[in-house]
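Where a number appears in this text, it was derived from the coordinates with a stated rule and is not lab data. Computed from a prediction, not measured in an experiment: that's the story for all the values here. Cβ placement follows ideal geometry from the backbone for every residue including glycine, while neighbour counts extend to all protein chains displayed.
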Amino acid sequence: MLSGLAKDHPERAQKLSPPTYLSAEMPPTLLIHGNRDKTLPLSQSEFFLKESRKVSKAVSLLVVKGAGHSLGGKKTSPTVLEVNEKAAAFMLQHLAPSSSGAPKRR
């Protein structure tokens, strides 16, 4: 995508970097990452979490132990069912309508 190293294409690298687009208006965000991901290092999600928290407190990271990039693995913790439950709880916590009918914003 960069046609080379980020240092050689700083403008293009910035446009392709997710933290570039963080703002106080960003929706609540749940990052789910396997600690055995060989496609995208866990450090990338940890960095994004750190940068996101500078503009929004409604950002969480769920690390799935034993899981790879697609969250697959024989013994993951939490299990896929538990990941789904945690994701649903996050959405209900942050996106359920307030008494005015508008989505909650934190």
Quick check: residue separation of Asp8 and Leu49 times 0.36 nm, minus the Cα distance between them. What number comes out in nm? 12.2 nm
When Lys and Arg each count +1 and Asp and Glu each count -1, what net charge do the other residues less than 10 Å away from Ser60, Cβ to Cβ, add up to? +3
Have a look at the DSSP beta bridges in the chain and tell me what percent are antiparallel, nearest 5. 25
Starting from the Cα gyration tensor of the stretch 14-95, multiply each eigenvalue by 5, take the square root, and state the resulting semi-axes largest first in whole Å. 23, 17, 8
What does the charge count near Pro19 come to, summing +1 for each Lys or Arg and -1 for each Asp or Glu among other residues with Cβ under 14 Å from its Cβ? +2
Tell me, in nm to one decimal, what length is gained between Leu95 and Leu81 on full extension, where the rule is 0.36 nm per residue of separation less the Cα-Cα distance? 3.0 nm
Give the calculated FRET efficiency between Val63 and Leu16 to the nearest 0.05, with a Förster radius of 30 Å applied to their Cβ-Cβ distance. 0.75
